[in-house]
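The structure appears right after this line, and notes come after that.
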Amino acid sequence: MRVLVCIKRVPAPGARINVTEDGLAVDTTNLGFTTSPHEECALEAGLQLVEEHGGSATALTLGPPEAEEQLRYAASLGVTDAALIPTDGTDWDPQRTARAIGHVIAELEAVGGEFDVILFGNESADSGGFQVGVRVARALGRPMITGAKGLTMDGTTARVQREIDGTQEVYELRLPAIIGVKEGINLPRYPTMKGRLASRKLGVQIHEAVGEPGGQRMVQLVSPPEQESRLVVLGAGPAAADKVVDLLAERGLL
Amino acid sequence: MILVLVEHDRGVLAPASFEALTFARAFDCEVHAITLGAPADELAPYLGAYGATAVHQAHHDLLVDYGPDASADALVSLVATLKPGALMATGTDRGNEVLAHVAARLDAPFVANVTGENLDASADRWELTRIRWGGSLHERATITADVRLLTVALHAVEPTPAPAPAVATPMPFTPTIDPSAAITIVRDRVKREVGQTLATASVVVGGGRGVGSAEGFEPLEALARELGGVVGCSRAVTNNGWRNHTDQVGQTGTRIGADVYLACGISGAIQHWVGASGAKCIIAINTDAAANMVTKADYAVIGDLHEIVPAITAAIRSRRGV
Ligand SMILES: Cc1cc2nc3c(=O)[nH]c(=O)nc-3n(C[C@H](O)[C@H](O)[C@H](O)COP(=O)(O)OP(=O)(O)OC[C@H]3O[C@@H](n4cnc5c(N)ncnc54)[C@H](O)[C@@H]3O)c2cc1C
Ligand SMILES: Nc1ncnc2c1ncn2[C@@H]1O[C@H](COP(=O)(O)O)[C@@H](O)[C@H]1O
């Protein structure tokens, strides 16, 4: 089974997200970077499919050259091939992103054969456009279901479970298929020492970005207004427990 | 004219549809609604109350249960004849999914999760505000297209009936749906047990890395039981395998709306905060008085949660005379 996972490098902000002076990016001066959480689970799902059915997993990312870090992390988990579509690091609109990714998938398939399963995250953590995977699926003419919280495979069919407002839905997609994964579908593994060593040897293929910009453009990022502090410190240690109970009682919770 | 996709499940309306209709009225033009599948035909009068002057009712064998491809085909076929200035839907899982499929078919831009703020639709190029990072950051964005596709972020608009309710004229039609859409129709549905959920519980006792282990949650469980609430957690906890992801509060977890959220040993990273901030009263318990969860909370107790949480449970019991 050939599996491809599309992952995005995103900053890992802590207590708040600061915006650069020109308002066009997140200020990452003191921040680390990570793989978007839904995509960490997509990676795990992809690796589990390969463990169960054989084959190999490839990771693909479009982003600044530094996104190689996320590809190497994927390799430390078990991915054996990696493709990077380098950008200038600016924010790409979803249509342009999907066009470039779709183009490179076609290139990868021309050389290595069709991917039976292509996994995306449900939405990217930073821009949350809810669409890149769906657009790629349309361009490739493959069925696509997002929001996957469960995934099993029987060789020709993918069985996808997801939850909508307390109802569990099941879909069956003929392979080759594309699936958008949600956090919670699995518990992503951590890299092993052996994996870390292997990841250093990973050959990252560089692919040129092809595709026109789309009709959505970012003008500016704005931090929502911070609320003023309203904090009342009730006390320290177990001695403050009574005051907590007073509060709960005031709210009719006892 | 603006076309609003009304979301429903076998005829049960998704309340967020009223938010989308309210938002559409802000554009000061004619608002039409579309419902997919015959089970939704009964909804027309409710949509009129929110200002829709017509309800396009798509009827088709492939529109009995939800399916993203069948839904998108139906929408595209109506858009082709009606030529609305915009097609809007709810910023729900399904709303975002369906509009992404419509956008892919039309090769048109789609702006997900627009808030009601600072809207400029005076020129061909609309300027909007949308949410990023699950709401931790806003983005001003423009959209240039013949039909603007967008979803309205959940709870960003207060749903309000139209000052002058309309009579929504039902307009049944049979859309053209590619038979291949049948691939992504639900095969099976299981209604889950409905009890207290994290999203709707009135009390949530949340635990973070500070709880230290899976077993460390027992005192939090006991407190939640005492208050008729549920236990929530941070992503650090789920990643450690201490609790199931269904308990996670935050950007990639659940947004809570509790009356009281007790956040124990949680630092209050912005991705956790977006899930917690819907709680009406937040009480933080943390050893670090400078933790973000503490400084943003309404109330705080500084100290070790392993001592404080059992003390609260004991105090409740003694007050109840147990
Ligand atoms: C894109 C993205 C999405 C994310 N989505 C989510 C999400 O949905 N939900 C989420 O929660 N996180 C999310 N995260 C992770 C988030 O950034 C934080 O890493 C996480 O919330 C930290 O969890 P924590 O507060 O439990 O742990 P920590 O940050 O390690 O904090 C532990 C806290 O416990 C306190 N403490 C320690 N011991 C004790 C004690 N004995 N008594 C009292 N207090 C104690 C410490 O002072 C500290 O404040 C996301 C991250 C990214 C990048
Ligand atoms: N720059 C990117 N590189 C690789 N994959 C991406 C990129 N942007 C988005 N994706 C994938 O598309 C999914 C949906 O993204 P979005 O439409 O931005 O919410 C993400 O979860 C990723 O799997």
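Table for the structure above
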| item | result |
| --- | --- |
| Test: residue in region A:70-90 that is surrounded by 17 or more Cβ atoms within 10 Å (Cβ to Cβ), within 11 Å of ligand 2 (Cβ to nearest atom) and in a loop (DSSP other than H, G, I, E, B) | yes |
| Test for B:CYS281: is it under 25 Å from the mean Cα position of the chain (by Cα) and not hydroxyl-bearing (Ser, Thr, Tyr) | yes |
| Filter result (free of Cβ contacts under 8 Å to residues at least 40 places away in the same chain and touching an Asp or Glu at 6+ places or on another chain (Cβ under 7 Å)) within region B:193-231 | B:VAL231 |
| Condition check for B:GLY216: closer than 13 Å to B:LEU198 by Cβ and either out of contact with any Gly (no Cβ under 7 Å at 6 or more places or on another chain) or acidic (Asp, Glu) (or both) | no |
| First in region A:137-154 and polar (S, T, N, Q), second anywhere and modelled with pLDDT of 95 or more and buried (at least 21 other Cβ atoms within 10 Å of the Cβ), Cβ under 6 Å, 6 or more apart | A:THR146/A:ASN122; A:THR146/A:GLY180; A:THR146/B:GLU97 |
| Residue that is nearest to B:ASN96 (Cα to Cα), among those in region A:126-147 that are surrounded by fewer than 24 Cβ atoms within 10 Å (Cβ to Cβ) and among the aliphatic types (A, V, I, L, M) | A:ALA139 |
| Criterion violated by B:THR169 - all others in (1) hydroxyl-bearing (Ser, Thr, Tyr); (2) over 26 Å from the mean Cα position of the chain (by Cα); (3) within 16 Å of ligand 2 (Cβ to nearest atom) satisfied | (3) |
| Flag for A:THR35 being without any contact (Cβ under 8 Å) to a residue 60 or more places away in the chain and either touching a His at 6+ places or on another chain (Cβ under 9 Å) or within 16 Å of ligand 1 (Cβ to nearest atom) (or both) | yes |
| Yes/no for B:GLU218 being farther than 30 Å from B:THR129 by Cβ, surrounded by fewer than 17 Cβ atoms within 10 Å (Cβ to Cβ) and more than 14 Å from chain A (Cβ to nearest Cβ) | yes |
| Any hit, region A:95-112, residues being in a loop (DSSP other than H, G, I, E, B) and more than 7 Å from ligand 2 (Cβ to nearest atom) | no |
| Qualifying residues in region A:7-22 (those that are within 11 Å of ligand 1 (Cβ to nearest atom) and part of a loop (DSSP other than H, G, I, E, B)) - the one nearest to A:VAL132 (Cα to Cα) | A:LYS8 |
| Qualifying residue in region A:167-187 (condition: at the interface with another protein chain (Cβ under 9 Å from one of its Cβ atoms), part of a helix (DSSP H, G or I) and charged (D, E, K, R)) | no |
| Qualifying residue in region B:109-125 (condition: within 16 Å of ligand 1 (Cβ to nearest atom), out of contact with any Gly (no Cβ under 6 Å at 6 or more places or on another chain) and farther than 24 Å from A:ARG142 by Cβ) | no |
| So A:ARG251, is it surrounded by fewer than 16 Cβ atoms within 10 Å (Cβ to Cβ), at the interface with chain B (Cβ under 7 Å from one of its Cβ atoms), out of contact with any helix residue (DSSP H, G or I) (no Cβ under 6 Å at 6 or more places or on another chain) and over 19 Å from B:LYS296 (Cα atoms) | yes |
| Of residues in region A:215-238 being out of contact with any Lys or Arg (no Cβ under 9 Å at 6 or more places or on another chain) and more than 7 Å from chain B (Cβ to nearest Cβ), the one farthest from B:ALA289 (Cα to Cα) | A:PRO225 |
| Residue within region A:40-57 that is outside any helix (DSSP H, G or I) and of a type in the set (A, V, I, L, M) present | yes |
| Considering residues of region A:205-214 that are within 30 Å of B:ASP124 (Cβ to Cβ) and not charged (D, E, K, R) only, the residue farthest from the other protein chains (Cβ to nearest Cβ) | A:ALA209 |
| Qualifying residue in region A:120-143 (condition: away from chain B (no Cβ under 11 Å) and not aromatic (Phe, Trp, Tyr)) | no |
| Enumeration of residues in region A:118-131 that are touching a residue at least 60 places away in the same chain (Cβ under 8 Å) and away from ligand 1 (no atom under 16 Å from the Cβ) | A:ILE118, A:LEU119 |
| Within region A:13-40, considering residues that are within 16 Å of ligand 2 (Cβ to nearest atom) and either exposed (fewer than 14 other Cβ atoms within 10 Å of the Cβ) or of a type in the set (Val, Ile, Thr) (or both), the one nearest to the chain's Cα centre (by Cα) | A:THR35 |
| Complete set of residues in region B:179-197 that are touching a helix residue (DSSP H, G or I) at 6+ places or on another chain (Cβ under 9 Å), surrounded by 15 or more Cβ atoms within 10 Å (Cβ to Cβ), under 30 Å from B:ALA52 (Cβ atoms) and modelled with pLDDT of 85 or more | B:ALA181, B:THR184 |
| Pairs where the first residue, in region A:49-62, is in contact (Cβ under 8 Å) with a residue 60 or more places away in the chain and the second is crowded, with 16+ Cβ neighbours inside 10 Å and among the charged types (D, E, K, R), C-beta under 7 Å, 6+ apart | A:GLY55/A:ARG2 |
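Condition check ((1) more than 7 Å from ligand 1 (Cβ to nearest atom); (2) more than 15 Å from A:GLY235 (Cβ to Cβ)) across all residues:
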position: B:ASN240; (1), (2): yes, yes
position: B:ASP247; (1), (2): yes, yes
position: B:THR252; (1), (2): no, yes
position: B:ALA279; (1), (2): yes, yes
position: B:ASN292; (1), (2): yes, yes
position: B:LEU305; (1), (2): no, no
position: B:THR313; (1), (2): yes, yes
position: B:ILE316; (1), (2): yes, yes
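The values are calculated or read from the model by the stated rules, or taken from the named source; none is laboratory data. This one's a predicted model, so the numbers in the text were calculated from it and none came from an experiment. Because the Cβ atoms are built from the backbone with ideal geometry, glycine has one as well, and the counts that use them run over all protein chains shown.
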